[in-house]
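The structure appears below as structure tokens.
The values are calculated or read from the model by the stated rules, or taken from the named source; none is laboratory data. The shown structure was predicted, so the numbers you read here are calculated from the model rather than taken from an experiment. Cβ placement follows ideal geometry from the backbone for every residue including glycine, while neighbour counts extend to all protein chains displayed. Ligands, DNA and RNA are stripped out before the accessible areas are found, and what is left, the full protein with its side chains, is counted by its heavy atoms. Shrake-Rupley method; radii C 1.70, N 1.55, O 1.52, S 1.80 Å.
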Amino acid sequence: MDIAVLIEWIAKSAILIFILLTGFAYTTYYERRLLALIQNRVGPNRAGPFGLLQPVADGVKLIFKEELTPAGAYKAIFLLSPILTMVPALVIMAVVPWGESINLFGREIFLGLTDINVGVLYLLSIASISVYGIVLAGWSSNNKYAMLGGIRSSAQMISYELALGLAFVPSIMMAGSLSLLDIVRQQGDGFYLWSLLGIIEGGQTGGWFIFTIPGLFGAAIFYIAMLAEVNRAPFDMPEAEQELTAGYHTEYSGMKFALFFMGEYIKMIAVSAIFSTLFLGGFSGPGVYESTIPFMGITIGPWPILGPIYLGLKIVASLGLMIWIRATFPRLRYDRLMGFGWKVLLPLALANVFLTAIWVIIFQGFTG
Amino acid sequence: MSTDVILFLGLAAVAIGAALGMLFSRNAVYSALFLILNFATVAVFYLLLGAPFIAMAQVTVYAGAIMVLFLFVIMLLGAEELRKRGKLGWQQPLALLLGFVLVAETAYLVFVRGDLVSQIVPAAADYGTPKDIGILLFDNYMLPFQVVAVLLLVAMIGAIVLTKDDRKIERKTSEEKA
């Protein structure tokens, strides 16, 4: 194997992990400030300018906290489960493309770790094993609240995984590929409204998938299911304080707790990135590809380096919506949550697959 | 040695270790976890063999869906700890004998017949892509595919009917009678 390729992969992985960890820290800050804004409070503003150093202070606090292991806990599993929560959250980002290739140091470097032809299936398989961390944390803690929290959240994640998987289908069918890079490329050059009107040149299908009818339904189902998948409000059942203390991480403290916290927020970032990639055109935006500005006739691009910036903006918008939802909606009751997942979301997602098939045949023609 | 061989040997050690761990651990949850590790390793084997689709299906279906349910049942039944002495009477010597026969057969194939590795032709780069599998399933094997789908549906409905609360049905029928 070429040593340069190896260095490239390691560097890209390190950068991605660094971005995700920094992103995690500032997502907590973002959430607290936005929640404060919505609730007419100030929020953390003491550490550094505008409270920007608050995540650092939190991190230092968590490092110096005492770590407790409850009596009667299964120690090995108790230690393993925060790691099992954290790792899937990090590796799921491996297939999300951040842009087209750029030239750096005389090498063609693809922005993104890899592009595999089973990218969407990879997302599903990682999502399906991310349950283990939570369920094992609950079981190994030797605590009734933790056990109940773990079982609740794993039941919830398994149930919503089905709707989540089916919500992938509209994008896959409209793009005709399981590769996330192909899905992004199918969504046009960023002037989505222009391409929405069908006035694009070259016959390329275009426009963000959220602007098609099946894509819109798919995006709505995906967003709801992904909130449940990452245990966010209004589906934050495992952390229903009034009922379960703190759910599966009741017994965790110090850095082990921080790992769960980190896992949750990195998962939020990851599902936002996946949502943007599947329905909001991913890294594409004006200027990423060579494109002509509508009505002006000026040709701009291609500037592939803009890709990560556009994807970052879309992730921030999606995270903002998640926080807004948290500030707005009360928590669902547990049986209603399960009923909603199985009796409403799953049939709707299935119907949407049929709708997509019809849509694809009408607008893209039948390709055998 | 090429990187593939090193990778294969390392993974094989992990897979065998996980399988042994599953057999010998006295705690059902640990056994289940070892089995998950084994499934995950097998998925990486598929990746090495150039079959990413099957690898992903392996992780999603076996390591993800099925083992979560196993773990669920073990935890909900509270059947984690195995009793000290199992009720295995005549099975144990038989299992040993059959295991020995299997090892002997494999050894015969590998060492006496010999040179099996050179007979293996590496798969083409685009072998087993999702598109190819889809075309095969919906073209050549349309009927078996549909039959399997119906079978799975029947099994699913059967499971739901079996676990349905009987009292509700009784009450309904008695209400109908009255």
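Just a few scattered comments:
- Residue among A:VAL60, A:VAL56 that is out of contact with any Phe, Trp or Tyr (no Cβ under 6 Å at 6 or more places or on another chain) and either touching a residue at least 24 places away in the same chain (Cβ under 8 Å) or open to solvent by 90 Å² or more (accessible area, probe 1.4 Å) (or both): A:VAL56
- Selection status of B:VAL73, more than 26 Å from A:LEU121 (Cα to Cα), surrounded by 11 or more Cβ atoms within 10 Å (Cβ to Cβ) and among the β-branched types (Val, Ile, Thr): yes
- If the condition is being out of contact with any helix residue (DSSP H, G or I) (no Cβ under 8 Å at 6 or more places or on another chain) and either charged (D, E, K, R) or open to solvent by less than 60 Å² (accessible area, probe 1.4 Å) (or both), then the stretch B:6-39 contributes B:GLY10, B:ALA12, B:GLY17, B:ARG26, B:ASN27.
- Any hit, the stretch A:210-221, residues being modelled with pLDDT under 80, open to solvent by less than 10 Å² (accessible area, probe 1.4 Å) and not in a helix (DSSP H, G or I): no
- Number of the exception - B:GLY78 against (1) at pLDDT below 80; (2) under 30 Å from B:ILE133 (Cα atoms): (2)
- Taking each residue of the stretch A:66-78 that is among the hydroxyl-bearing types (Ser, Thr, Tyr) and looking for partners that are open to solvent by 60 Å² or more (accessible area, probe 1.4 Å) and assigned to a helix (DSSP H, G or I) with beta-carbon atoms closer than 7 Å, six or more apart or interchain, yields A:THR69/A:LYS75.
- Condition met for A:THR28 (at pLDDT below 85 and surrounded by 11 or more Cβ atoms within 10 Å (Cβ to Cβ)): no
- Residue selected from the stretch A:121-163 under the condition over 20 Å from A:TRP342 (Cβ atoms) and either touching a strand residue (DSSP E or B) at 6+ places or on another chain (Cβ under 6 Å) or aromatic (Phe, Trp, Tyr) (or both), by the criterion farthest from the other protein chains (Cβ to nearest Cβ): A:TYR145
- Checked against (1) under 28 Å from A:LEU121 (Cβ atoms); (2) at pLDDT below 80; (3) open to solvent by less than 100 Å² (accessible area, probe 1.4 Å), B:VAL121 passes all but a single condition, namely (3).
- Residue pairs meeting the criteria (Cβ under 6 Å; at least 6 apart or on separate chains; first farther than 27 Å from A:PHE217 by Cβ, in the stretch A:261-280; second of a type in the set (Gly, Ala, Ser)): A:GLY263/A:ALA89; A:ILE266/A:ALA89
- Residues that are facing chain B (nearest Cβ under 10 Å), under 17 Å from A:SER276 (Cα atoms) and touching a helix residue (DSSP H, G or I) at 6+ places or on another chain (Cβ under 7 Å) do occur in the stretch A:107-120.
- Qualifying residue in the stretch A:47-63 (condition: hydrophobic (A, V, I, L, M, F, W, C), under 30 Å from A:MET147 (Cβ atoms), part of a helix (DSSP H, G or I) and out of contact with any His (no Cβ under 8 Å at 6 or more places or on another chain)): yes
- Meets criteria (at pLDDT 90 or above and surrounded by 10 or more Cβ atoms within 10 Å (Cβ to Cβ)) for B:PHE138: no
- Residue ranges of helices (runs of 4 or more DSSP H) in the stretch A:70-181 with at least 2 members surrounded by fewer than 20 Cβ atoms within 10 Å (Cβ to Cβ): A:75-91, A:144-175
The rows are residues; the columns are (1) in a helix (DSSP H, G or I); (2) facing chain A (nearest Cβ under 10 Å); (3) modelled with pLDDT of 85 or more.
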site	(1), (2), (3)
B:ILE16	yes, no, yes
B:PHE34	yes, no, yes
B:ALA40	yes, yes, yes
B:ILE74	yes, yes, no
B:LEU88	no, no, no
